[in-house]
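Take a look at the structure set out below.
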Amino acid sequence: MLSYILRRTLAMLPVMGIVVVFVFLLVRIAPGDPAAIIAGDYATPDTIQKIRVGLGLDKPIHVQFRIYLASLARGDLGRSLHSGLPVSQLILQRVEPTVALALSTLAFAVLLAVPLGILAAWKAGSLIDRAVMVFAVGGFSIPIFWLGFLLIYVFSIRLDLLPVQGYVSFREGLIPFARHLVLPTVALGMVYMALLARITRASVLEVLQSDYIRTAYAKGARPPAVLFAHALKNAAVPVVTTIGVGFALLIGGVVITESVFALPGLGRLTVDAVLQRDYSIIQGVTLIFALVYAVVNLVVDLSYTLFDPRIRY
Amino acid sequence: MRTGRIVMGFLALLIVGWVVSSPPVVGQAEAQTVRAVMLPEVKYLDPHYTTADITQQHGYMVFDTLFALDEKGQPQPQMVDTYRLSADKLTYTFTLRDGLKWHDSKPVRAADCVASIKRWAMKDAAGQKLMARAASLEAVNDKTFVLKLKEPYGLTIRALAKEYSYVPFMLPERLAVQDPSKPFEGDVIGSGPFMFAANEWVPGAKTVYLKFKEYVPRKEPSSYYAGGKVVNIDRVEFIVITDQSTAVAALEKGEVDYIQRPQVDQWPLLRKNPNIGMYRADIYQMQIHPNHLAPPFDNVKARQALMVMANQEEYLRAIAGDPQNFRTCYSYLGCGGWLETDAGAELLKKPDLERAKQLFAEAGYKGEKIVVMAPSDFPTINAASLTTAALLRKIGVNVDLQAMDWGTLVSRRPVKDPPSKNPAGWHIFHTTSGYAALKDPWGHANISTACDKAWFGWACSPRATKALDELADLSPGTDAFKKGLTEYHSALMEDIPYVPLGEFFAYAAYRKDRLSGIIDAPYTVFWNMTKK
Amino acid sequence: MPEPSPELAFIHYDALTPGQKARRFARRNPTMIAGGLLLLLMGMLAIGAPVLHTVDPVDMNPIERLKPPGAGHWFGTDMYGRDSYSRVIYGARISLVVGLVVALVTSVIGLAIGLVSGFVRRLDNVLMRAMDGIMALPDLLLAISFVALTKASVRNVIIALVIPQTPRVVRLVRSIVLTLREQPFIEAAQAMGARLPRLLLRHLLPNTLAALIVQGTYVMASAVLIEAGLSFLGAGTPPEIPSWGNIMAEARSFVRVAFWLLLFPGLFLATTVLSINLVGDGLRDLLDPRLARRMR
């Protein structure tokens, strides 16, 4: 097991390498000049050039890359082109709302989707099955920002039950923390939930039709026992995989949700950085995201051993 | 599944521990915090580094100026206590007020001011004009400094009272001696009525200012940016909410107290709400900027075509909607201001598409693509760009409407080559100027007619440049002044550096059941404000 | 032969006429049929846009701005006075075309890479590392970066959507090839002298088609949604080409003032994505041999 973890960690390195190079080149080759953006509306071309030199953007690309690699090796993600603050500090400041949103969405989706998927598979072909599936697919089809606006309008403005926007850290109080997260979680969670419900249904359905389940029935086992003792464990592997795969989907949705609900998280940090051509932040955040994604996948793979004793590393 | 139960138990322990460790909700002094949605977000903290409005706004919180304009548009001393002008009009002697302190409690010295003026003048147009005429600027002692000019300059005090980018804020000497082409390094220490809470700053999300308790305000009442800056609140938070609907909803629910620039279409919604008040914060002039170095706009007839094609009503409706939100204005220098005149504006007053088509042909237009840059993330400027494109198409021009975000537009603007030579080249872009800029052509970058040294578009009119220079030395109200103004404006109308498209209003919205004492100014003034 | 009664039909399935089979299919898979019909409707609207629209979608008429739905403007007008109905109809074209093209391109490229990667062991490692690298970058962020940093155009949006989706198709194809390559029929073909291209195209490809088609529908649904999300964030198709995404993006500030501007494109978008997904689910249930017996 340990050697497996080690092997996987080493395998992450070339992947990270590709990510670093790709993002670095992408931001620099593309049009858009951070110096001009920083200089502001009334600035002169002279000023813009001075700013460009000050940021080191006038050097040839391979020189810039060497400098970047050297700082990465030291663990330094560089400084934001715009605010001059260290990228790592900016990321740390904004990581909490994103993680809180991601985790609560994960919990919401799993707690809702998995039972629904199991139900649909159990009653495959019936009205309940179809209803659950349409509901799940519907949730996947609604644009997140549309749903977000709708939720704000109904629950914040009309019913005055929940706040419109913003994030309150759980350290400042659990109730405000929860209240500010409810609407964003539901908006984002619907998408995730849909995906999860469908995979759960498909996976449980497949297991329910397998030979060993029929054998269990033949031996006289009652349906509930069959379901819980045998089917679910075996169906778990693809479901857990999807939770991991859906993580990337989650990141994308987080960006939009943070925009609509004004949550000061990493998603918005990245979008703003892209629109302002703040190369350092773009590079830093994509690197972090890729790293987290790789770790999540590793955890998911390791969790397989919990569910399926046949899987060994 | 034993492992499963262990995992569950662990998770349960985590949750319980987390809940238990949350400190009780401490009742904050909510009453004295003002939460404002400003536009956009504070990115750069050095007001001499960038012209970005939000940085100048940040400057007004944290820094102070030697002079400031009052509500009549007259410069009044602010940090300066008294000043003298010698009989030959060449020597200014300034003496600072008592009790001026930096946020680290050190006293403000004349040397700080001298260094700050020099730094500001390196970037600012008005400052450059001033220092070009200066023979020397030196501190005499800790409270007094002297400016010796080579020739009299009537705009000296006005330059030091400049209210918009770049505002001549005073910095401590150690920050002011740094090169302004890079943001200054070091803590943000000013002598203004608020302090910058660096440890609470979350760039892109929240900026926090705290009352500077050792600030000594002037004795006079507040008037525009001048007078006594008395702070009645403890804390100001600039909150970033990019989504307009969300911002308005937050104001309605009281999650924020103030929105600096709600978009036009939210105004009816805001006006309907009994708890929300609005005031006219600024007046903007929309402008079409052609590239004078890219044919056919190097020919004045093509620019005249733009002018005669422009129906101000049509543009303003697309930009601002309801007629109560805009007014037509045929003056480059703002309507209702001290420089208002419509000398030479005949072409602008009578739109005529046929004539425009004719003029375009006379300018030598042969059907080539005309590149119009349109920023899709800037609703007012986008509306103007789309209208221009539609009108040009109506007169048979082959328009290449390129949508981009503002960042890209700003990056492409400095390119002088026409699109035929450089794919990043352009023919037309649009932008706005605030009222303060319109009333100050000497400091207003957009209207510069200095050819190569002019703003993006590179307007070239030696006649206008000369007339503007001469106007600087004339006293307002005199006949000579009126003549000089007419001459300047006619020169502008003849050479057309850009096409003015009239004026539309900008309102700010606030919770009138909570805030009072708000001063009517383009940059939001947080002193004098009280919160219930 | 006389028509078999419904009770006997399940025994003599193959004896049914095509018409009976179709009706039976419709009874058993109502959601898939519904999805298919809706999709067809959207397609027809998109194709028929030049005929079905009432006003030129780019025509600005500032005097008429923000009018609610009514005579002459069935879906109301937007902030520039443009007719919302015509824009939404034209928007179908972009959204559907983007979805379709992305699905096709990712399927073709994914198939090619997946076949090679699954079968040729030497290339497998390299290819999969590259795919992992691309998959490690979050979808939307990659797309935003690409489009915002290049130029806003439909072509760039398609490229930006193809890149993150391709690795998923590759993984799928590869996993099928991996299971298939150990099968006797592949060994037999090799023993008979079949060379690599023939093996890939004649023997492996047909077995991947079913899964590919199903995956393709999901890619299409994703593409349509992500394009809308991109436009919402300001990095999608250029605003003067109406797509449901950028129509909604432009209308986002007007949710309280003119909600109809968000409602109609949102409904059309949701309906389209829903129908694509329903079709995909139906196809998957049909093509899975074990399920097919129950669902027929």
Shape call for the range B:169-325, from the Cα gyration tensor axes a ≥ b ≥ c (a/c under 1.5 means rounded, otherwise prolate when a/b beats b/c, else oblate), comes out oblate
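Rounded, prolate or oblate, given the Cα gyration tensor of the range B:82-133, with a/c below 1.5 counting as rounded?
On the way: a/c = 3.60, a/b = 1.31, b/c = 2.76.
Since a/c reaches 1.5 but b/c is at least a/b, the shape of the range B:82-133 is classed as oblate.
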Could I have the simple spin-label model distance between C:Phe25 and B:Val177, label points 7 Å from Cα toward Cβ, reported in nm to one decimal? 8.6 nm
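Where nothing but the Cβ of Lys and Arg (+1) and of Asp and Glu (-1) is charged, how large is the charge dipole of the range B:71-178 around its Cα centre, in debye to the nearest 20? Let's see the in-between values first.
Working: 18 positive and 12 negative charges, 44 e Å.
Dipole of the range B:71-178, to the nearest 20 debye: 220 debye.
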What are the extents of the Cα atoms of the range B:371-525 along their three principal axes, listed from largest to smallest and rounded to whole Å? 52, 48, 29
Among A:Ala121, A:Ala102, A:Ala218, which one shows the biggest mean-square fluctuation in a GNM of chain A, springs joining Cα atoms closer than 10 Å? A:Ala218
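Going down the table (B:Lys43/B:Lys531; B:Lys369/B:Lys453; B:Lys106/B:Lys219; B:Lys301/B:Lys466; B:Lys439/B:Lys512; B:Lys118/B:Lys182), which pairs top 24 Å between alpha carbons? Walk me through the numbers before you get to the answer.
Details: B:Lys43/B:Lys531 27 Å; B:Lys369/B:Lys453 27 Å; B:Lys106/B:Lys219 22 Å; B:Lys301/B:Lys466 22 Å; B:Lys439/B:Lys512 30 Å; B:Lys118/B:Lys182 15 Å.
Violating the 24 Å limit, Cα to Cα: B:Lys43/B:Lys531; B:Lys369/B:Lys453; B:Lys439/B:Lys512.
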Cα axis of helix C:139-149 to longest principal axis of chain C: angle in degrees, 0 to 90, nearest 10? 50 degrees
If the only charges are +1 at each Lys and Arg Cβ and -1 at each Asp and Glu Cβ, what is the size of the charge dipole of the protein assembly as shown around the Cα centre, to the nearest 20 debye? 3380 debye
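Taking the number of other C-beta atoms within 10 Å as the exposure measure, put C:Leu41, A:Leu77, A:Leu188, B:Leu316 in order starting with the fewest.
Working: C:Leu41 14, A:Leu77 22, A:Leu188 30, B:Leu316 26.
The order, fewest Cβ neighbours first, is C:Leu41, A:Leu77, B:Leu316, A:Leu188.
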Can you tell which of C:Asp132, C:Asp59, C:Asp281 shows the greatest fluctuation in a Gaussian network model of chain C with Cα springs below 10 Å? C:Asp59
Within the set of other residues whose C-beta is less than 12 Å from the C-beta of B:Lys118, count the net charge using Lys and Arg as +1 and Asp and Glu as -1. -3
Helix by helix, which DSSP H runs in chain B go 18 Å or more along their axis at the Cα atoms and have an average Kyte-Doolittle hydropathy of 1.0 or more? B:2-21
Residues C:Trp260, C:Trp244, sorted so that the one with the fewest Cβ neighbours within 10 Å comes first: C:Trp260, C:Trp244
Across the residues of C:265-275, average count of Cβ atoms on other protein chains within 10 Å? 4
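Would you work out the relative contact order for the range C:11-165, in percent, from Cα pairs under 8 angstrom that are 6 or more residues apart? Don't skip to the answer; put the middle values down first.
Numbers: 133 pairs, mean separation 24.0, N = 155.
So the answer I get is 16 percent.
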Helix A:61-73 vs. chain A, principal-axis angle (Cα, 0 to 90°, nearest 10): 60 degrees
Using only the Cα atoms of chain C, build the gyration tensor, take square roots of its eigenvalues as a ≥ b ≥ c, and label the shape rounded, prolate or oblate: rounded if a/c is under 1.5, else prolate if a/b is larger than b/c, else oblate. oblate
How many nm separate the modelled label positions at A:Asp160 and B:Asp513, each set 7 Å beyond the Cα in the direction of the Cβ? 0.8 nm
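Suppose R0 equals 41 Å. What FRET efficiency, 1/(1 + (r/R0)^6) with r the Cβ-Cβ distance, do A:Lys233 and A:Ser169 give to the nearest 0.05?
Details: r = 38 Å, r/R0 = 0.92.
For A:Lys233 and A:Ser169, the calculated efficiency is 0.60.
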Over chain A, calculate the relative contact order: mean separation of alpha carbon pairs under 8 Å at least 6 apart, over the residue count, as a percent. 26 percent
Assigned charges on the beta-carbon of Lys, Arg, Asp, Glu; the range A:85-237 dipole about Cα centre (debye): 380 debye
Between the range B:118-170 and the range B:437-451, the alpha-carbon center distance in angstrom: 18 Å
Within the range B:150-185, which residues have the backbone N less than 19 Å from the label spot 7 Å out from B:Lys118 along Cα→beta-carbon, could you tell me? B:150, B:160, B:168-185
When DSSP beta bridges are limited to those with both residues in the protein assembly as shown, what percentage is antiparallel, rounded to the nearest 5? 80 percent
Calculated FRET efficiency for the pair B:Asp417/B:Thr478, C-beta based, R₀ 35 Å, to 0.05: 0.20
In deg cm²/dmol, rounded to the nearest 500, the helical mean residue ellipticity at 222 nm of chain B, built from -39500 (n - 2.57) for every DSSP H run of length 4 or more, is -9000 deg cm²/dmol
Enter the angle in degrees (range 0 to 90, nearest 10) between the Cα long axis of helix C:260-287 and the first principal axis of the Cα atoms of chain C, meaning the one along which they spread out most. 10 degrees
Taking the simple approach of a point 7 Å from Cα along Cα-to-Cβ for both C:Leu123 and A:Ile128, what is their distance in nm? 4.9 nm
Compute the separation of the alpha-carbon centres of the range A:114-179 and the range B:241-267 and state it in Å as a whole number. 25 Å
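Below 8 Å between Cα atoms, with a sequence gap of 6+, how large is the relative contact order for chain B in percent?
Numbers: 1074 pairs, mean separation 95.8, N = 532.
Contact order relative to length: 18 percent.
Using a Förster distance of 35 angstrom, determine the FRET efficiency expected from the C-beta separation of A:Ile61 and A:Leu6, and round it to 0.05. The partial results should precede the final answer.
Details: r = 35 Å, r/R0 = 0.99.
After rounding to 0.05, the efficiency reads 0.50.
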Which of C:Asn156, C:Gln183, C:Thr237, positive extreme of dipole for the range C:116-238 (C-beta unit charges): C:Gln183
Among B:Gly73, A:Ala131, C:Trp74, pick out the residue whose Cα is farthest towards the positive end of the charge dipole of the protein assembly as shown, where Lys and Arg carry +1 and Asp and Glu carry -1 on C-beta, about the Cα centre. A:Ala131
In chain B, what cysteines have no partner Cβ closer than 4.7 Å? B:Cys113
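Could you please rank B:Asp469, B:Asp298, placing first whichever residue has the fewest other Cβ atoms within 10 Å of its Cβ? Write out the running numbers ahead of the final one.
Details: B:Asp469 13, B:Asp298 17.
So the ranking, lowest neighbour count to highest, is B:Asp469, B:Asp298.
Could you calculate the contour length gain from C:Val51 to C:Gln183, that is, 0.36 nm times the residue separation minus the distance between their Cα atoms, to one decimal place in nm?
Working: separation 132, 0.36 × 132 = 47.52 nm, distance 5.36 nm.
Gain on extension, C:Val51 to C:Gln183, equals 42.2 nm.
Read-outs throughout are calculated quantities, based only on the coordinates presented, and are distinct from any laboratory measurement. All figures in this text were calculated on a predicted structure; none of them were measured in a lab. Note that we place each Cβ from the backbone using ideal geometry, even for glycine, and neighbour counts take in every protein chain shown.
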